[in-house]
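Readers should treat all values here as calculations from the given coordinates under stated rules, not as data from a laboratory. This is a predicted model, so every value here is computed, not measured. Cβ coordinates were reconstructed from backbone atoms using ideal geometry, including for glycine residues, and neighbour counts include every protein chain displayed.
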Amino acid sequence: MNIIKRELRANLKSLIIWSFFVSMIIAMASTEFNAFKDMANVDEMLNAFPPELRSAFSFDVIRFDQPQGFYSYIGQYFMMMGAIFAVLLGTKILSKEINKKTAETTFTLPVTRRYMIAMKLVAAVISCTMFSLLVILVSYIVFSRFEIDDLFVKRLFLLGAFMLLIEILFLLAGLFASVLTRSHKRTGSLMVSITVGIYMLSFIAKVSDKYEFLDYFVPFEYFNAIDIMHGNELELFGFIVVPVLILTFFFVSFGLIKKKDIL
């Protein structure tokens, strides 16, 4: 329990900074929606964009003059930010001990190496949960001034649940990467680049039908914020692949941790 408390304190600064940053974005987005909701020519304005651009940014399926439509658009970016927050936490679970030269002291404690890492992982999951919950609560508070209905609130919290699931996936992906790599100082920036790159594939997939297969390589598309906020049915593929990936990253990482030299 002391390990978890220590890690939560260590993650607190990062959690506060990320939460503040996202809260500001939500506040600014609500101000932008306040202007959109009274505009009668929103659709005409969006139709002025080239068809490929409208498809890439989902302008052709979103109603920007409605709370659920507008939030579905910004919600997908919050999901990506949550993934970046999580993947950084994952890479730090091991790299922090190595970079700060504290591993030799840490692992002389009367606990096994895998137990130590497991407790750090639990603390990271708690931090991810707090981040997701804060994003949803701030969103609810800020958008409640627009007379949102119960369905909006239900879908908002459902989005938060899927956001947490994606965060756990990238958290374990970050841990897996830190187990494999030898250049721990660069692991965080590398994984952030990969996360953003994966997200960008979703834009390419929407430009043309021939690139649609790329969606299968984008976890963000398995639980798309637009589909969730509009009540669209989610594909079974994501409900199978994401848990499988989470379990794979978890068991492979913990299998390799025992053999990894981190001193």
Next item on the list: Sticking with the crude label model, points 7 Å out along Cα→Cβ, report the distance from PHE36 to GLU212 in nm, one decimal please.
Entry: 2.5
Checklist line | Two-site FRET efficiency, MET130 against ASP65, from Cβ-Cβ distance with R₀ of 30 Å, rounded to 0.05 | finding: 0.40
Item checked: Residue (of ASN47, ILE141, ILE3) at the positive-pole extreme of the chain, dipole from beta-carbon charges -> ILE3
Check: Nearest 20 debye, what's the magnitude of the dipole of the chain about its Cα centre given +1 on Lys and Arg Cβ and -1 on Asp and Glu Cβ?
Finding: 2100
Next item on the list: Compare the Cα positions of PRO243, SER132, LEU175 along the charge dipole of region 2-257 (+1 at Cβ of Lys, Arg; -1 at Cβ of Asp, Glu; about the Cα centre) and return the one farthest towards the positive end.
Entry: LEU175
Notebook entry, point to check: Going down the table (LYS206/LYS258; LYS37/LYS154; LYS5/LYS185; LYS37/LYS206; LYS120/LYS206), which pairs top 31 Å between alpha carbons?
Noted result: LYS206/LYS258; LYS120/LYS206
Next item on the list: With label points built 7 Å along Cα→Cβ from the Cα atoms of TYR77 and ARG182, find their separation and express it in nm.
Entry: 4.1
Check: Which of GLU212, GLU147, GLU32 moves the most in a Gaussian network model of the chain with Cα springs under 10 Å?
Finding: GLU147
Note to self: Please identify the DSSP H helices in the chain that span no less than 24 Å along the helix axis (Cα) and have a mean Kyte-Doolittle hydropathy of 1.0 or more.
What the structure shows: 113-143, 150-180, 236-257
Item checked: Sorted largest first, extent of the chain alpha carbons per principal axis (Å) -> 67, 41, 29
Margin query: Which one, ALA118, ALA161, ALA35, is farthest towards the positive end of the dipole of region 2-257 when Lys and Arg carry +1 and Asp and Glu -1 on their Cβ?
Written below: ALA118
Checklist line | Theoretical ellipticity at 222 nm over the chain - DSSP helices of four or more residues, -39500 (n - 2.57) apiece, nearest 500 | finding: -26000 deg cm²/dmol
Note to self: How high is the relative contact order of region 118-263? Use alpha-carbon pairs under 8 Å, at least six apart in sequence, and give a whole percent.
What the structure shows: 25
